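First comes the structure, then the notes that go with it.
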Amino acid sequence: MTTIAYRTCHLCEATCGLELHLDGRDITLVRGDRDDVFSRGYLCPKGTALKHLERDPDRVRAPLIRDGAGWREATWEEAFGLIAHRLGAIRAAHGNDALAVYLGNPSAHNLGAMVYNRVLLQAAHTNNVYSASTVDQMPKQVSAGLMFGAALTVPVPDVDRTDYLLMLGANPFASNGSLMTAPDMPGRLRALRGRGGKLVVVDPRRTKTADEADEHLAIRPGTDALFLMAVVNVLFADGLTDLGTVAAYVAGVDTVRDVAVDFTPERVAPRCGIDAATIHRIAHELAGAPAAAVYGRIGTCTQEFGTLASWLVDVVNVCTGNLDRPGGAMFAKPATGGANIAGTPGKGRGVRFGRRRSRVRGLPEYYGELPVVCLAEEIETAGEGQVRALITISGNPVASTPDAERLDRALGTLDFMVSVDIYVNETTRHADVILPAEPELARGHYDLALYSLAIRNVANYSPPLVELRPGEMPEWQTLLRLGGILAGQGADVDVDALDEFVVNGLVERAVKHGTTGGRTAEEVSKELASRRGPERVLDLMLRTGPYGDAFGANPGGLSLAVLEANPHGLDVGPLEPRVPEVLRTPSGMIELAPAECVADVSRLRAFLDRPVPEGELVLVGRRDLRSNNSWMHNLDVLVKGRPRCTVHVHPEDAGRHGIVDGAEVRVRSSAGEIVLPAEVTDAVRPGVVSVPHGWGHDRPGVRLGVAARHAGANSNVLARSDLFDPLSGNAVLNGIPVELALSVPE
Ligand SMILES: Nc1nc2c(c(=O)[nH]1)N[C@H]1C(S)=C(S)[C@@H](COP(=O)(O)OP(=O)(O)OC[C@H]3O[C@@H](n4cnc5c(=O)[nH]c(N)nc54)[C@H](O)[C@@H]3O)O[C@H]1N2
Ligand SMILES: Nc1nc2c(c(=O)[nH]1)N[C@H]1C(S)=C(S)[C@@H](COP(=O)(O)OP(=O)(O)OC[C@H]3O[C@@H](n4cnc5c(=O)[nH]c(N)nc54)[C@H](O)[C@@H]3O)O[C@H]1N2
Ligand code: SF4
Ligand SMILES: [Mo]
């Protein structure tokens, strides 16, 4: 018998509503949920592939313990026993810093991980915390923290109401959007143009998004900060600045004007590859549009000037009066609250970095984590504090982080490694124990992280749709149990008691902050008592959040029960102006010229003066609609057809190197080399080659039957761990100098 259920897709940031047809546990059909308040029926091929992901025979279903060169299935008791024993011994002998933790991207799409990873990290009490954030959005979180006072106070373009969108380093037609939660970006961008608005895309590649835009500016990689500096220069030089509604809350305008003064369009044009007249015009168009937004994403973050570029995106938004106005760049107000909702409106402690530093290179911590470009050296370098053990949680750093071959080797030297993961892949093949997650459909879902970045204020909860089978463990319990083990509670941690302890702490904090409608901790706990795990915490967050029922004080307000009664989600409305209430800087102002950014401008100036080496070729990445970082290549429906892991080479460069379409090409950087087929295409600008990341599945021991047949090559073998953005520690993954050669079979 078929039942129909609704669920938010957890695979990317778009949060599409899915209509699932279920036969028992089996998904027989996936469709877009036409009644979903946010996605209105949109979905992409990955959403449909969910049914294959749930069935994939290569998925790890029971704990695995290394057994010589292979693996054997084990009970949870045995696995946790081994972990407690080995991690206990290593930490006792070498200290807490000997254990590193790496959190991967799916943690941000997983309610249980969002709630309980922090318990685990606290218990680990280690300097060595790493995540995918420093190969991704850390520059934006740093610039937003400095300007607005909190890591997730990131303005998002009000796509549905804007008249003009300047988009840099993003390709939402493939990625479906990032740091901008908006299902159906293709539809929304087409609607923008349909109502007479303009879309300008800045990207070294002519992407699908660029193809669909009014204008494409094929910028030279890594020069966005220069381009944006020149836009700022024109805004001031031509008297176009108008801070609009936030004017009374902006500090540092004169400093910005002064630092931009020598970055004239004429000076930056040859470096950026965008002519001066165009830069002038773009500045005038931004200032002249009724409402405009500038949006930068991963192409602007994973480069040498990631934080400067991220900062300047918002400098332009502020200087054109577009910050915090409908149709401009606005702040979401998520139903579960957050750092810019809690505390005193309009003022806060701001952000501080570098409270700790990495042992080997001395790189500072950002928001409690170290740059992942440091991980390999922390494992390799002997001495006190050397990393000897690692826990990875839904991450594949061997595929995703720089100097991949070196990290791969380093992982092989660890004394002990635990991976919480659903596959044996390039990274987890090094683990001593792999702890699998339960099937997606057996857990509840709520996008705790992504709604902070949504272009409308929405809330949508998806309940578990199937029961756990014997031997399956909810991932939140695995994480909590690891936390308990790290806190010294031994292998048979009482997970329920630990959960109780965690929730009590959160309840007490809510009571202290006065968000429980005057109810005492005891009363609140009683109200929450019918739930446990992540759902109990979610209910607390919703009820104490900005639209919450405050446990009765705000009748008709949100609670988890209300969301359960609305399976297609609740739309609280379009974004509303939030300045000054959203700010958490110590000054209570938007810091337009943070000292860290201003100081880094001299580096940008030096870069501007450096000539572009003759005949230079640089590498950039790209995303394909049918892939999801490194981990969905084991689904035949997504990888069949023409190979996707190819190097795009412009015809001019191909001609110079004697490369023809389909030829095997050796791409070499100072970090390493890979071989893959060429696709000769004028979609990349001359001097730029493009290789997607997340491939290279042909490593020994990997258990990815399908992916190994479409292995591709690991582009991060080419990325260098000594190249990073100094303001955020974020890796440089774009703009890497490379050489090309035809690969001659040996
Ligand atoms: N060159 C280059 N490198 C890049 C990028 C780029 O653009 N260019 N992009 C970067 C970006 S933006 C990111 S976010 C990172 C991603 O970096 P990572 O997060 O390290 O890598 P993923 O490929 O997302 O790996 C996700 C892992 O989670 C596992 N997994 C999937 N679902 C679950 C689950 O429910 N539970 C558990 N426990 N595990 C699960 C998968 O099997 C896989 O091992 O890559 C970065 N690397
Ligand atoms: N299909 C699919 N969707 C995904 C993912 C996936 O792997 N596959 N990953 C998800 C994740 S974790 C993330 S973070 C998001 C990322 O979402 P997006 O930021 O939209 O990512 P990309 O599609 O890689 O687009 C980045 C663009 O930046 C361009 N670029 C490279 N270097 C530069 C530069 O120096 N300047 C400028 N202006 N542009 C540059 C690249 O050519 C590329 O087109 O996507 C998410 N969605
Ligand atoms: S766009 Fe993202 S959220 Fe929507 S169906 Fe595709 S993978 Fe899922
Ligand atoms: Mo990402």
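Computed from the coordinates by the stated procedures, all read-outs in this text should not be read as laboratory data. Note that the coordinates shown come from a computational prediction; the quantities given were computed from them, not determined experimentally. Counting neighbours? That spans all protein chains shown, and the Cβs are built from the backbone with ideal geometry, glycine included.
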Q: Work out from phi, with θ = phi - 60° and the Karplus expression 6.51 cos²θ - 1.76 cosθ + 1.60, the ³J(HN,Hα) of each residue of the range 507-515, listed in order in whole Hz, and give x for Gly and Pro.
A: 5, 4, 5, 5, 4, 4, 7, x, 9
(Q) Given contacts defined as C-alpha pairs under 8 Å and at least six residues apart, what's the relative contact order of the chain, whole-number percent? (A) 20
Q: May I ask you to list the aspartates and glutamates whose Cα is less than 15 Å away from that of K333, ignoring any residue fewer than eight positions away on the same chain?
A: D158, D324, D447, D571, E576, E581
Q.
Going by amide H atoms built from the backbone, whose H comes under 5 Å of the H on C16, apart from near neighbours?
A. C9
Q | Student exercise, the chain dipole from Lys, Arg, Asp, Glu Cβ charges, in Debye to nearest 20 | A | 300
Q: Mind checking which lysines have their Cα closer than 26 Å to the Cα of K51? Skip sequence neighbours fewer than 8 apart in that chain.
A: K640
Q.
Using 0.36 nm times the number of residues separating R352 and D494, minus their current alpha carbon distance, what extension gain do you get?
A. 47.5 nm
Q) How many Å³ per residue does the convex hull of the Cα positions in the range 579-662 occupy? A) 209
Q: For K526, list the lysines whose Cα falls under 20 Å from its own Cα; do not include residues on the same chain fewer than 8 positions away.
A: K512
Q. How large is ³J(HN,Hα), in whole Hz, for each residue of the range 134-142 in order, when computed from phi with the Karplus curve 6.51 cos²θ - 1.76 cosθ + 1.60 and θ = phi - 60°, using x for Gly and Pro?
A. 8, 10, 8, 9, 3, x, 5, 5, 5
Q) What size of dipole, in debye to the nearest 20, comes out for the range 614-742 about its Cα centre when the only charges are +1 on Lys and Arg C-beta atoms and -1 on Asp and Glu C-beta atoms? A) 600
Q: Would you work out the relative contact order for the range 584-688, in percent, from Cα pairs under 8 angstrom that are 6 or more residues apart?
A: 25
Q: Can you grab the distance from the C-alpha centre of the range 414-449 to the C-alpha centre of the range 6-62, Å, no decimals?
A: 20
Q: Step through the residues of the range 547-560 one at a time and calculate ³J(HN,Hα) from phi using the Karplus curve (6.51 cos²θ - 1.76 cosθ + 1.60, θ = phi - 60°), rounding each to whole Hz and writing x for Gly and Pro.
A: 10, x, 7, 6, 6, x, 5, 10, x, x, x, 6, 7, 5
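For the range 301-347, what does the equivalent ellipsoid look like in terms of its semi-axes, each the square root of 5 times an eigenvalue of the Cα gyration tensor, given largest first in whole Å? Display every interim value, and only then the final one.
Numbers: eigenvalues 111, 52, 22 Å².
Three semi-axes, in Å: 24, 16, 10.
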Q: Provide the percentage of antiparallel DSSP beta bridges, counting only those with both residues in the chain; round to the nearest 5.
A: 50
Q) To one decimal place, what Kirkwood hydrodynamic radius in Å is obtained for the chain from all pairs of distinct Cα atoms? A) 26.4
Q) In terms of modelled amide H atoms, which long-range or inter-chain residues lie less than 5 Å from the amide H of V250? A) I590
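Can you tell me what share of the DSSP beta bridges in the range 614-742 is antiparallel? A percent to the nearest 5 is fine.
Just about 70 percent of them are antiparallel.
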Q. Taking 0.36 nm per residue of separation and subtracting the Cα-Cα distance, what length does fully extending Q122 through K640 add?
A. 182.2 nm
Q: Return the ratio Rg/(2.2 N^0.38 Å) for the range 314-383, where Rg is computed over Cα atoms only.
A: 1.67
Q) Which three extents, in whole angstrom, do the alpha-carbon atoms of the range 126-231 cover along their principal axes, largest first? A) 51, 29, 25
Q: Take the Cα pairs of the range 267-319, get the Kirkwood Rh, then feed it into Stokes-Einstein at 25 °C and 0.890 mPa s and tell me D in µm²/s.
A: 201
Q.
If amide hydrogens are placed 1.01 Å from N in the peptide plane, which non-local residues have theirs closer than 5 Å to the one on L390?
A. A100, F416, M417, V418
Q) What distance in nm separates the simple spin-label points at D624 and D722, each placed 7 Å from Cα in the Cβ direction? A) 3.3
Q) Going by a ≥ b ≥ c, the root eigenvalues of the Cα gyration tensor, does the range 614-742 fall in the rounded group (a/c under 1.5), the prolate group (a/b larger than b/c) or the oblate group? A) oblate
**Q.** Intensity falloff of the range 406-498 expressed as log10 I(q)/I(0), Debye formula with alpha-carbon point scatterers, at q = 0.22, 0.26 Å⁻¹
**A.** -1.13, -1.22
